Amino acid sequence: MATVEQAAPLRANFAATSSSDHHKAVGRIGPWQLVRLLSESELTRVYLARPLSASPNQPASYVVKVLRKEWWRDPQAIEMQRRAAWIGRQLSHPHLLPVLSANVQEAPYYLVSPKLTGASLATILEKANRLPLPVTLWIARQIVEALAALHESAGMIHSDIKPSNIIVSPEGHATLIDFGFAHAPSEARHWSTRPVVGTLNYIAPEVVTSCLVASVSCDLYSLGVTLYEMITGRLPFCATAPDELVRLHREAKPECVRHLAPGLPKPVASLVHRLLAKDPLRRPDSAARVAEELMRLEIECFSAR
């Protein structure tokens with residue numbers, strides 16, 4: 001829905017983050033040459049890669065996500081890799097990252113996906129702070145369509161929706177990545193027992209109670225936090241101490257989004273605050289419904305600047 005002109009702020013943020021592929025491999029795993037380390041976390045390392053059979057001059061067009069060696073004996077970390085591989089192979093959707101192949105039965109554990117063009121939404125927001133409203137709604141609608149597929153076709157909750165898990169191409173195509181925390185609504189566990197806790201800035205209030213009683217509404221709350229941040233340039237709740245941040249998510253009312261973004265259409269503000277409702281029953285009842293609403297808002301706000 002967004003125009004080429006309105007999507008220009010996206011393209012302007014990619015020049016500084018793009019870099020050429022190195023031809024010399026830094027290692028190998030299975031049938032893959034690891035060309036360059038792209039990122040790493042407590043659990044995994046992510047490499048740009050090409051098949052071992054490929055010429056060293058062939059551009060690397062794959063990404064290999066490797067479970068770090070120190071987690072090879074951790075059943076929960078291994079299960080997260082297996083779950084991510086299953087989801088990435090089970091679902092085919094334009095806004096969900098596919099898994100092309102995987103080794104998750106024995107060490108070394110890794111997943112292989114296509115290389116995406118663009119940058120994370122987190123990186124884009126660091127540079128641009130805010131995006132034009134039509135672009136914001138467009139990105140949010142694409143991600144909630146991905147959530148609808150995940151919820152309805154796989155029966156799974158993503159459980160870690162945040163800007164760093166959304167990749168946006170220079171043309172504005174958005175892809176939801178990282179299924180490591182995905183789980184079924186029937187699975188209950190305390191949030192603090194995860195090997196790596198999903199970013200507390202985006203976590204739903206009900207997730208940080210004594211027992212994780214999850215539903216698809218948790219993902220919608222996290223989407224609401226992301227949408228709030230995209231519109232205002234700031235998070236609805238900020239605290240340096242985790243306990244205080246948890247308390248704010250459970251008890252505090254976020255500042256009205258229209259106070260921070262004067263001129264924001266009331267229907268957009270209404271959707272944001274309904275997504276951020278403390279009570280899951282007061283949020284929209286499905287990702288598909290949110291996608292329909294965002295589509296209407298995109299049309300209504302098409303000419304907004």
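Just a few scattered comments:
- As a summary of the residue check, Arg250 satisfies the conditions (1) modelled with pLDDT of 95 or more; (2) in contact with a Lys or Arg (Cβ under 8 Å, 6 or more places away or on another chain); (3) surrounded by 13 or more Cβ atoms within 10 Å (Cβ to Cβ) except for the one numbered (1).
- Of all the numbered requirements in (1) within 30 Å of Trp32 (Cα to Cα); (2) buried (at least 24 other Cβ atoms within 10 Å of the Cβ), Glu106 misses one, and that requirement is (2).
- Here Ser159 passes the criteria (1) more than 15 Å from Asp178 (Cβ to Cβ); (2) in contact (Cβ under 8 Å) with a residue 40 or more places away in the chain; (3) part of a loop (DSSP other than H, G, I, E, B) except the one numbered (1).
- Here Lys253 meets each of (1) free of Cβ contacts under 8 Å to residues at least 12 places away in the same chain; (2) touching a Leu at 6+ places or on another chain (Cβ under 6 Å); (3) not in a helix (DSSP H, G or I) with one exception, condition (2).
- Considering the conditions (1) touching a strand residue (DSSP E or B) at 6+ places or on another chain (Cβ under 7 Å); (2) of a type in the set (Phe, Trp, Tyr); (3) farther than 17 Å from Thr175 by Cβ, Tyr62 is excluded by exactly one of them, (3).
- Lone qualifier among Glu79, Glu106 - being under 18 Å from Ala182 (Cβ atoms) and not assigned by TED's automatic domain parsing to the domain that holds Ile139: Glu79
- Ala269 in contact with a Lys or Arg (Cβ under 8 Å, 6 or more places away or on another chain) and assigned to a helix (DSSP H, G or I): yes
The values are calculated or read from the model by the stated rules, or taken from the named source; none is laboratory data. Computed from a predicted model, the values in this text were never measured in an experiment. No Cβ is skipped: glycine too gets one built from the backbone with ideal geometry, and neighbour counts run over all protein chains shown.
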